[in-house]
Each structure stands twice: as structure tokens, then as C-alpha cells.
1. Answer yes or no: is there a residue in segment 315-331 that is in contact with a helix residue (DSSP H, G or I) (Cβ under 8 Å, 6 or more places away or on another chain), in the same structural domain as Gly183 (by TED's automatic domain parsing) and among the polar types (S, T, N, Q).
2. For segment 49-74, enumerate the residues that are aromatic (Phe, Trp, Tyr) and outside any strand (DSSP E or B).
3. Among the residues of segment 59-72, are any under 22 Å from Asn291 (Cα atoms), outside the structural domain of Lys226 (by TED's automatic domain parsing), out of contact with any Phe, Trp or Tyr (no Cβ under 6 Å at 6 or more places or on another chain) and of a type outside the set (Lys, Arg)?
4. Among what's in segment 282-291 and is in a loop (DSSP other than H, G, I, E, B) and touching a Pro at 6+ places or on another chain (Cβ under 8 Å), pick the residue that is surrounded by the fewest Cβ atoms within 10 Å (Cβ to Cβ).
5. Taking segment 215-231 as the region of interest, how many residues are within 23 Å of Asn147 (Cβ to Cβ) and β-branched (Val, Ile, Thr)?
6. Residue by residue through segment 270-318, note down the ones that are of a type in the set (Asp, Glu) and within 13 Å of Leu159 (Cα to Cα).
7. Quick one: what pairs do we get from segment 202-213, first residue assigned by TED's automatic domain parsing to the domain that holds Pro233 and closer than 16 Å to His78 by Cα, second modelled with pLDDT of 95 or more and assigned to a loop (DSSP other than H, G, I, E, B), C-beta under 8 Å, 6+ apart or different chains?
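The values are calculated or read from the model by the stated rules, or taken from the named source; none is laboratory data. Bear in mind that the values here come from a model prediction, so they are computed numbers and not experimental data. Cβ coordinates were reconstructed from backbone atoms using ideal geometry, including for glycine residues, and neighbour counts include every protein chain displayed.
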Amino acid sequence: MIRAGIIGATGYAGNELVRLLMQHPEVSITNMTAHSYVGKQFDEVYENYRQLNEMVLGEMDLDYLSEACDVLFLALPHGTASKVITKEVLEKTKVIDFGADFRLQDAAEYEAWYGVEHHGKSLLPQAVYGLCEVNREKIKGARLIANPGCYTTCSILTLRPLVAEGLIDLHTIVVDAKSGVTGAGRGLALPNMFDECNETVKAYKLASHRHTPEIEEQLSYAAGEKITLTFTPHLIPMNRGILATCYATLKQKVSYEDVKAVYEKYYGKEYFIRLTKKGVFPETRWVKGSNFLDIGFTIDERTNRIIAIGAIDNLGKGAAGQAVQNMNLLFGLPEETGLSCPPIFPA
């Protein structure tokens, strides 16, 4: 059995990870930490685990945890992992970081977007961006995985085939994305309170969202040149899910079947990426509670633009599900192990 430790188990992403790992046939959760709940049982924080998970939450002791666990999941805010993950820790265990600290290869760009100092610059060269469908082989031999962001996973995978095959004008990409409220985390914040986000839709962090450079960096790798795009996130009054509607101008006239063939080339054998039928477009309700990404598209012949839509569960493929998929790759397991259950509906 893989001995797993979860640092930051009581956030929404950490809680989802606990749920998934408890069902995983090859994993035993041996340690869980939560700074605000040290000494409490996990089922005291989340009553849905009553009599199912009574593990006592501890402090984050990396020296001990790196010895006690085969893999450590860090579900912590940005700016933390780069302070506590060291070469010595990585020599003893594998780390999957939910935060942003090791996603960008340029530390200066990270510091500019996140406004904090990066303390782990020496580890950046060995950090692998954990987008499984793109970096599968690199992930298998890694010790440090940067689990991608939720908006980024949805946006990158939806656009990547179009970018990599040179179908679109790279200067025209616009990503309009909507997220459920759990994407903002479990901490108390006025904008995320029920009365503030129910019965309204709002854009936020216009032209400044921290996932922007992550999307640009990964799509630039696919394109072989620098990409700058427009990314606008919105908050939707629902618990979980992301819908990314991506627009770009086509470089030449192509048919629906031409574009479908491109998506099939990249994702036809991918278990977790599902292409919708012509005229059917992704909805967050069809991926809720799962690790699936649904992609659909249409061609607007009047404007010569393509509109590609992706949908994921922000806590699943956008966080905990993808982390488990990464873990499966790290330990030589089939990627769908512990993740093959269908999406939940209704929920």
C-alpha cells in the first residue's frame, strides 16, 4: 500500500482528496494535518465522515512526515511550499503540491504575479507540471509535482490541440471562464458569503488573475512561441465546477470534421477527456464529482472563429482528482485507479 500524507486536509481540495484516497485500493492515508484543527478528529471537522474517518489531525512536521509517507500532498496556500519543501524532503518522499509555487519555471514571474518571494528556486528545474495528458512521461520519474490550477487545467487542455496544430491565430485567444464558489477556498471572506454570491454572476481580477501566466506558459510550450492571451474569470453561484469558453480566430477555413480529427489525435485515447457530440456542449453538471474533462466546440463561419468549451469539476480534475491521477503515474498504477466512478447527477 502507498502511504499517503495530506498536509492541509481540511480545505475543500484537501477534503476531496481524503474522499478519493479513502476509496483508492492501493492507498492508506497514514497522516493528515490541519494547522487550525490540530488535535481534532477529521470527522469533527467534516461530519459526513462520522465513523468513517476518525484520524486525529496533526501539525506539519516535514522531517517526520517525509519519513512516514511515500507521497505527501500539500493542499496549502501559495507561498508555503517553497519554504518547506527541500532537497532533503524530496530524497525521502514524493511531493504533489496543490499550490502555485512550482508551477511557473520563472521565479521572477511567480513573484510578480503572486507578490511573495519564492524560497525554492533551486528546486524549480526538477519540478514537473502535473498535467497528466501532456507531461505523462516526465511525471513518472519525478519527485516534485506541481499540480495545475483549476482554471488552467480546463483552459490549457481545451485549447492545446488548436494551438499545437497551428489552427488558430495565437494573438486572438480569449478565455471566458466561470467557477463555482469552492474555487475560492473554505476561508471566511465577504465576497464568498451566500448573500454576496447567490443570485448574481460577477467577473473578478480582470486582466490580473494569477492563473493567466500559467495558461500562457503551458500553451507557449505547445505553440513553440510566446503566447499572450486574455483571461477573464467569473464567480457563479454554485458549489463546484468550471466552464471555460475559449475563442480564437481560425487561420484558415476548416470544417467541423477537420477540427474533430485534431482533437481525436490528441485525446482520442485519453480516459479522462471526453469529446461531446456535434451540437452538444459541455455542462458542469455532467462532470461534477469526477475527474473528467468534457470538451465541445463549434465553428462560427460568419466571423471565422472557433468557440471551444471545456468543463471540469474544480475540486476533481481541477485539484484532488488530478493529484490522484499524478500519484497513480508516480507509482506505476493505471491512471484511472480510484478515479473511474461516473460523475454524480443530480447533486
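1. No, segment 315-331 contains no residue that is in contact with a helix residue (DSSP H, G or I) (Cβ under 8 Å, 6 or more places away or on another chain), in the same structural domain as Gly183 (by TED's automatic domain parsing) and among the polar types (S, T, N, Q).
2. Residues of segment 49-74 aromatic (Phe, Trp, Tyr): 49, 64, 73.
Hits for segment 49-74 are Tyr49, Tyr64.
3. Initially, segment 59-72 is screened for residues under 22 Å from Asn291 (Cα atoms), giving 71-72.
Filter once more, so that each one left must be outside the structural domain of Lys226 (by TED's automatic domain parsing): 71-72.
With the extra rule that they be out of contact with any Phe, Trp or Tyr (no Cβ under 6 Å at 6 or more places or on another chain), the set shrinks to 71-72.
Retained after the next criterion (residues that are of a type outside the set (Lys, Arg)): 71-72.
Yes, the conditions are met somewhere in segment 59-72.
4. Step one: of segment 282-291, the residues in a loop (DSSP other than H, G, I, E, B) are 282-283, 287-291.
Right, trim to touching a Pro at 6+ places or on another chain (Cβ under 8 Å) and you get 287-290.
Numbers: Val287: 31, Lys288: 24, Gly289: 19, Ser290: 22.
That would be Gly289.
5. Total satisfying the criteria: 2.
6. Our first condition is that a residue be of a type in the set (Asp, Glu); within segment 270-318, this holds for 270, 283, 294, 300-301, 313.
Asp294, the sole residue that qualifies.
7. Every condition considered, the pairs that remain are Arg210/Ala100; Thr212/Leu229; Pro213/Leu104.
Results for (1) over 21 Å from Asn135 (Cβ atoms); (2) surrounded by fewer than 14 Cβ atoms within 10 Å (Cβ to Cβ); (3) aliphatic (A, V, I, L, M), shown as yes or no for each residue.
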{"site": "Ala248", "(1), (2), (3)": "yes, no, yes"}
{"site": "Val262", "(1), (2), (3)": "no, no, yes"}
{"site": "Glu270", "(1), (2), (3)": "no, no, no"}
{"site": "Ile273", "(1), (2), (3)": "no, no, yes"}
{"site": "Thr303", "(1), (2), (3)": "yes, yes, no"}
